[in-house]
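Notes for the one structure printed next.
Nothing in this text is a laboratory measurement; each read-out follows from the coordinates by a stated rule. Being a predicted model, the structure only gives us computed values, none of them experimental. Every residue, glycine as well, gets a Cβ built from its backbone with ideal geometry; the counts of neighbours run over all protein chains shown.
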Amino acid sequence: MKILVVSDNHGDRQIISDLITHYDGEVDGFFHCGDSEFDLNNPLVSKMHIVRGNMDHAVFAEDEISKIDGKTILLTHGHLHGVNSGLLALELFAKSKEANIVLFGHTHQLGVTQDQGILFVNPGSISLPRGQYAYIGGTYAIISSKNNKLVVQYYDRKFNAVDELRFSF
């Protein structure tokens with residue numbers, strides 16, 4: 001399994017187009033955690049798993065469940081699960097969906113953690129980053145699995161891996 005996770009581009013169409021072009025055929029799926037500010041007719045939408053963020057007006061689903069290589073992936077924006085105040089509500093929701101991997105955005109701050117066998121990944125904002133890693137200028141993540149290990153690698157907008165932001169679980 002190899003998936004790309006992006007969030008919170010807030011109308012920046014070019015970066016999403018660039019990511020899809022760059023990684024076409026290299027990943028098993030493109031997952032967008034919301035606040036794309038795209039409409040349903042945008043041709044990029046059909047190339048991604050995408051959910052509705054608090055700034056989206058299009059009628060995307062609030063969350064989505066996907067299965068890839070035996071993993072159950074929950075995709076959501078996070079605002080409806082109070083992610084600004086912690087991950088407990090999101091964790092309970094993930095358990096109710098029997099998710100192994102949870103992808104979310106909203107905070108504009110990248111983060112990754114594993115709790116009770118569930119991997120939580122926030123790719124940060126690709127266009128309007130906040131927090132400790134805002135200096136990178138926008139991030140996305142690639143999650144891959146090998147030998148029963150999940151690896152989360154963060155990248156900058158120029159497709160460069162950020163060495164200190166590689167995590168194995």
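Observations, loosely collected:
- In plain terms, the residue of VAL162, VAL83, VAL112 with the fewest other Cβ atoms within 10 Å comes first and the most crowded comes last, giving VAL162, VAL112, VAL83.
- Rounded to the nearest 500, the 222 nm mean residue ellipticity of the chain from helices alone is -3500 deg cm²/dmol, with -39,500 (n - 2.57) taken per DSSP H run of at least 4 residues.
- Total lysine pairs whose alpha carbons fall under 14 Å of each other in region 2-168 (8 or more apart, or interchain): 9
- From least to most packed, judged by other beta carbons within 10 angstrom and beginning with the fewest, VAL27, VAL102 follow the order VAL27, VAL102.
- Within the set (i) 1.03; (ii) 0.92; (iii) 1.17, the number that Rg/Rh (Cα atoms, Kirkwood Rh) takes when calculated for this structure is listed as (ii).
- Using the Cβ of LEU150 as centre and a radius below 13 Å, the other residues enclosed give a net charge of +4, where K and R count +1 and D and E count -1.
- Neighbour-count order for PHE31, PHE169, PHE60, PHE159, fewest beta carbons within 10 angstrom listed first: PHE159, PHE169, PHE60, PHE31
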